[in-house]
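These notes concern the structure reproduced below.
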């Protein structure tokens, strides 16, 4: 069976990772001169505390080559094929590290690396699809072909409570322009062609903004693939998350509505109070 591996930015819950037998390669998060592994020894709340105290966004870096080799080695030595997913190449060199690890192990023919051109559960949606195909005994070549076909159909967007983190991190086009004195706006951030872009801007309290953002997607949500939809957030009120879930249930489109908490890397760049609804369009 093909082994599915993703970097830690896919934001899948431990429960989903276990269910689909997915391994994770952590990116690194730097708080000053201390280095942590995303999802292993640092929490998003610790990151927010540090970030606010230091008025800066933590630096994040790609996984270590040695870690990638260590993770791949047992599968490569057992002769198994591996399909790996990385965050958009425009945001990190994570995919390059995976390719280098495959070369170092002399297993480039058996280890395929997919640039998700996405982030968070925009990657997670593809990773789960790949894991289901692996369980159905598809080859790495078949999985990669199908995932490349699905990639343009992934719809990843979110609204942020505060622009401060995106502004500090410099990861989003158009945010710098909006940041001059208008940090009270809540933009809808959309992932397009592997980059984050600000689109519609909302005003008001984040709870009502989140509901307006979700309802604005109704037409598109009704044309989504029905298997699953993700509600991914970086620490929103549970009551707000439940309202989003209830709304998605009312649509009657999705077989599964999955809530996940954004990991350290995504939270570092988006800040607390961010919520996204992510799905695959038909």
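What follows is calculated from the coordinates using simple rules that are stated; it is not laboratory data. Here the structure is a predicted model, which means the values were calculated and not measured. Don't worry about glycine lacking a Cβ; one is built from the backbone with ideal geometry, like all the others, and counts go over all protein chains shown.
Some observations on this one:
- Scattering profile of segment 156-280 at q = 0.10, 0.13, 0.16, 0.20 Å⁻¹ [log10 I(q)/I(0), Debye over alpha-carbon scatterers]: -0.28, -0.48, -0.73, -1.14
- Dimensions in Å of segment 32-188 - Rg and Dmax from alpha carbons: 18.3, 57
- Likely footprinting exposure, 244, 253, fewest C-beta neighbours within 10 Å first: 253, 244
- Column: log10 I(q)/I(0), Debye, Cα scatterers of the chain, q = 0.07, 0.08 Å⁻¹: -0.24, -0.32
- Two-site FRET efficiency, residue 67 against residue 242, from Cβ-Cβ distance with R₀ of 41 Å, rounded to 0.05: 0.65
- Stretching residue 139 away from residue 220 to a fully extended chain increases their span by 26.0 nm, per 0.36 nm per residue minus the current alpha-carbon distance.
- Helical contribution to [θ] at 222 nm, DSSP H n ≥ 4, -39,500 (n - 2.57), averaged over the chain, rounded to 500: -11500 deg cm²/dmol
- DSSP beta bridges in the chain [antiparallel fraction, %, rounded to 5]: 55
- Relative to the dominant Cα principal axis of the chain, helix 94-104 is inclined by about 10°.
- Inter-label distance, residue 227 to residue 255: 0.8 nm, where each label sits 7 Å from its Cα along the C-beta direction.
- Beta bridges per DSSP with both ends in segment 156-280, % antiparallel, nearest 5: 65
- Cα centroid separation, segment 186-242 to segment 126-160 (Å): 21
- Range of Cα positions in segment 13-65 per principal axis (Å), largest first: 39, 25, 13
- Residue order, fewest to most beta carbons within 10 Å, for 233, 28: 28, 233
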